[in-house]
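Data block below; observations after.
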Amino acid sequence: MGKSIVNALKGPPPYAVAVERRDGSEVRIGPIEFAHVAEQMSHWFKIDARGSREGARGCAVTIVAYDENRVHLPLVPANADSVLGVIEDAVQGSDAPFPSLWDRLCAQHGHADAQKAWDTALMLMDGAQAEEEAEERDRKRREAREGVLRAGVLKVLVKHDAQLPEDALEGIMALVNSGRMESAGAS
């Protein structure tokens with residue numbers, strides 16, 4: 001890698017934390033308005049870089065001036081809505097390369113606050129997934145009932161020798177789906 005790991009604040013705010021990965025790619029996080037936040041994040045990432053985590057080990061971490069012309073990952077508030085918004089993002093989510101969403105949350109807010117936001121987001125995500133599954137089951141039930149109703153109505157129309165039973169069926173189904181069968185004289 002050849003770059004020494006430095007922790008130097010350069011110039012006035014805003015700052016950014018640059019993480020150079022072992023593969024030579026770089027990710028920047030910012031803008032960071034306060035020096036102590038940049039130092040805290042840098043320190044956290046440096047500890048990870050000295051550890052045994054495969055993606056973090058050997059990364060070079062520096063505090064640099066924020067450059068609006070470069071791509072930066074944003075700071076992440078320690079709340080469930082913010083975590084939910086990016087948890088599945090390939091670039092900055094939970095499965096992203098170091099520093100992932102979890103790494104950034106811990107570096108910004110400390111482990112306890114990061115864990116609280118993370119757990120709440122996962123709980124909400126599980127609830128949202130359960131809600132989506134219930135909606136899918138309801139949709140399938142509605143479609144099955146509609147299929148049975150269509151078959152029955154079509155059978156009656158054909159039995160009574162209706163003109164163009166398929167056209168009549170579409171009209172009847174439109175009334176049923178709109179809830180206006182009573183206004184059409186049926187009950």
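Worth pointing out:
- Pair list, Cβ < 7 Å and 6+ apart or interchain, from the stretch 52-74 residues that are touching a residue at least 24 places away in the same chain (Cβ under 8 Å) and in the same structural domain as Val91 (by TED's automatic domain parsing) to residues that are of a type in the set (Val, Ile, Thr) and exposed (fewer than 15 other Cβ atoms within 10 Å of the Cβ): Thr62/Val6
- Scanning the stretch 111-127 for residues that are of a type outside the set (A, V, I, L, M) and loosely packed, with under 14 Cβ neighbours inside 10 Å yields a count of 4.
- Close pairs (9 angstrom Cβ cut-off, 6 or more residues apart or separate chains): in contact (Cβ under 8 Å) with a residue 12 or more places away in the chain and within 20 Å of Ala49 (Cβ to Cβ) in the stretch 80-101, in a helix (DSSP H, G or I) and not hydrophobic (A, V, I, L, M, F, W, C) anywhere: Gln92/Arg104; Phe98/Asp48; Pro99/Asp48
- Residue selected from the stretch 16-72 under the condition assigned to a helix (DSSP H, G or I) and within 24 Å of the chain's Cα centre (by Cα), by the criterion modelled with the lowest pLDDT: Phe45
- Contacts under 7 angstrom Cβ, first residue in the stretch 11-25 being over 16 Å from Trp44 (Cβ atoms), partner hydroxyl-bearing (Ser, Thr, Tyr) and modelled with pLDDT of 90 or more, 6 or more apart: Pro14/Tyr66
- For the stretch 91-122, residues that are part of a loop (DSSP other than H, G, I, E, B) and among the charged types (D, E, K, R) total 1.
- With respect to the conditions (1) part of a helix (DSSP H, G or I); (2) loosely packed, with under 13 Cβ neighbours inside 10 Å; (3) at pLDDT below 70, Arg145 lacks only one, and its number is (3).
The values are calculated or read from the model by the stated rules, or taken from the named source; none is laboratory data. Remember, predicted model here, so these are calculated numbers, not experimental data. All Cβ positions, even for glycine, are placed from backbone atoms using ideal geometry, and neighbour counts span all protein chains on display.
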